[in-house]
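Student: So that we are looking at the same thing, I have put the structure below in structure tokens.
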Amino acid sequence: MERLVVANWKMNGSIKLVQEFHSLQNNPKTTTIICPPSCYLPLLKPSSFKLGAQNCHQAEKGAFTGEVSPAHLKELGCQYVIVGHSERRTLFQENDSLINQKAAQAIEHGMIPIVCVGETYLERQEGRFKQALLAQMDRALHNLDSQKYVIAYEPIWSIGTGLVPTNKDIEEVLEMIHARLGRSAKIIYGGSVTDKNILTLSQISNLDGVLVGGASLNIKTFQTIIDAF
Ligand code: PEP
């Protein structure tokens, strides 16, 4: 099984980092996807990796000052686009219905949306995380073909915190998502993945890969994560 290793640089990085990433080495067992800030997309020359975006607008074009459309991303060589990241949900008030429109537009333009879902700390503590995840998925993936997207399971309490669920906890969620969407649905995990915990996470047999935030900003660390598979 080929695993996806996705780098989400968020609003970080520089031209210098872009240049460094040109020496990233491919692992034949993985597909590596770099998602830089969109202004750097034309500077990244995909060789050992593919290009992805961190967000897109739900319309193809129009009077939406400051936005980037799926058509633009496609033209720049993006094959993937992250939608519904928890930072977009929390800081930019994106809801599942909007995320569903963005994912549909990405598919329409020949890209694979990486649709993020994840429970809050309270939902996990109170044992409500399964319902919360299923509700997000039912709305965000409404009417989408499960062969045409990737789910990123990203517990909100794990993003940027150093807290990582146990493999058993992740397996339980994978099981639930597969039961809902079918065995062939692709699911990756994101939340404080580092070069230190990747060997443990890579033991999860039906996990299709990882989404890496902070640890993707250092080429050495990120290379170790790719090489762990
Ligand atoms: C993310 O941004 O999707 C993420 C998982 O971040 P981090 O790896 O820094 O927790």
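Student: Return a yes/no flag: does segment 2-20 have any residue that is more than 15 Å from the ligand (Cβ to nearest atom) and closer than 25 Å to residue 141 by Cα.
Tutor: Yes, segment 2-20 has at least one match.
Student: Run residue 104 past the list (1) out of contact with any helix residue (DSSP H, G or I) (no Cβ under 9 Å at 6 or more places or on another chain); (2) within 16 Å of the ligand (Cβ to nearest atom); (3) hydrophobic (A, V, I, L, M, F, W, C) and report the number of the one that doesn't hold.
Tutor: With respect to (1) out of contact with any helix residue (DSSP H, G or I) (no Cβ under 9 Å at 6 or more places or on another chain); (2) within 16 Å of the ligand (Cβ to nearest atom); (3) hydrophobic (A, V, I, L, M, F, W, C), residue 104 is out only on (2).
Student: Among the residues that make up segment 157-172, is at least one of them in contact (Cβ under 8 Å) with a residue 12 or more places away in the chain, aliphatic (A, V, I, L, M), outside any loop (DSSP other than H, G, I, E, B) and more than 16 Å from the ligand (Cβ to nearest atom)?
Tutor: Within segment 157-172, none of the residues are in contact (Cβ under 8 Å) with a residue 12 or more places away in the chain, aliphatic (A, V, I, L, M), outside any loop (DSSP other than H, G, I, E, B) and more than 16 Å from the ligand (Cβ to nearest atom).
Student: Out of curiosity, is residue 92 more than 27 Å from residue 222 (Cα to Cα), out of contact with any Leu (no Cβ under 7 Å at 6 or more places or on another chain) and within 16 Å of the ligand (Cβ to nearest atom)?
Tutor: Yes; evaluated as a whole, the condition is true for this residue.
Student: Next question, about the same structure. Name the residues in segment 191-212 that are part of a helix (DSSP H, G or I) and in contact with a helix residue (DSSP H, G or I) (Cβ under 9 Å, 6 or more places away or on another chain), would you?
Tutor: Result: 198, 200, 201.
Student: How many of the residues making up segment 66-115 are of a type in the set (Asp, Glu) and outside any helix (DSSP H, G or I)?
Tutor: 2
Student: A further question on this structure: Please go through segment 213-228 and give me each residue that is part of a helix (DSSP H, G or I) and either among the β-branched types (Val, Ile, Thr) or within 10 Å of the ligand (Cβ to nearest atom) (or both), ordered by number.
Tutor: 214, 215, 216, 217, 219, 221, 224, 225, 226
Student: Here's a follow-up. I'm trying to understand the selection: among the residues of segment 131-164, which are surrounded by 15 or more Cβ atoms within 10 Å (Cβ to Cβ) and closer than 21 Å to residue 199 by Cβ?
Tutor: 152, 153, 154, 155, 158, 159, 164
Student: Still on this structure: Mind checking whether some residue in segment 139-161 is farther than 21 Å from residue 88 by Cβ, among the basic types (Lys, Arg) and either over 17 Å from the mean Cα position of the chain (by Cα) or modelled with pLDDT under 95 (or both)?
Tutor: For segment 139-161, residues farther than 21 Å from residue 88 by Cβ, among the basic types (Lys, Arg) and either over 17 Å from the mean Cα position of the chain (by Cα) or modelled with pLDDT under 95 (or both): absent.
Student: For segment 1-23, which positions are touching a strand residue (DSSP E or B) at 6+ places or on another chain (Cβ under 7 Å) and touching a residue at least 40 places away in the same chain (Cβ under 8 Å)?
Tutor: 3, 4, 5, 6, 7, 8, 9, 21
Student: Then there's this: Here are the criteria: (1) in a loop (DSSP other than H, G, I, E, B); (2) within 16 Å of the ligand (Cβ to nearest atom); (3) without any contact (Cβ under 8 Å) to a residue 12 or more places away in the chain. Tell me which single one residue 127 does not satisfy.
Tutor: For residue 127, the failing item is (2).
Student: Going through segment 10-65 one residue at a time, which ones are loosely packed, with under 15 Cβ neighbours inside 10 Å, of a type in the set (S, T, N, Q) and not in a loop (DSSP other than H, G, I, E, B)?
Tutor: 19, 23
Student: Considering only residues that are among the charged types (D, E, K, R) and farther than 15 Å from residue 211 by Cβ, which ones fall in segment 54-88?
Tutor: Once the filter is applied, which keeps residues that are among the charged types (D, E, K, R) and farther than 15 Å from residue 211 by Cβ, segment 54-88 yields 60, 61, 67, 74, 75.
Student: A further question on this structure: Can you spot a residue in segment 59-74 that is within 20 Å of residue 189 (Cβ to Cβ) and not small (Gly, Ala, Ser)?
Tutor: No, segment 59-74 contains no residue that is within 20 Å of residue 189 (Cβ to Cβ) and not small (Gly, Ala, Ser).
Student: So, one more: Every residue in segment 84-129 that is polar (S, T, N, Q) and buried (at least 20 other Cβ atoms within 10 Å of the Cβ), please.
Tutor: 86, 100, 105
The values are calculated or read from the model by the stated rules, or taken from the named source; none is laboratory data. Since we're looking at a predicted model, the values are computed, not measured. Virtual Cβ from ideal backbone geometry, glycine too; neighbours counted across all protein chains shown.
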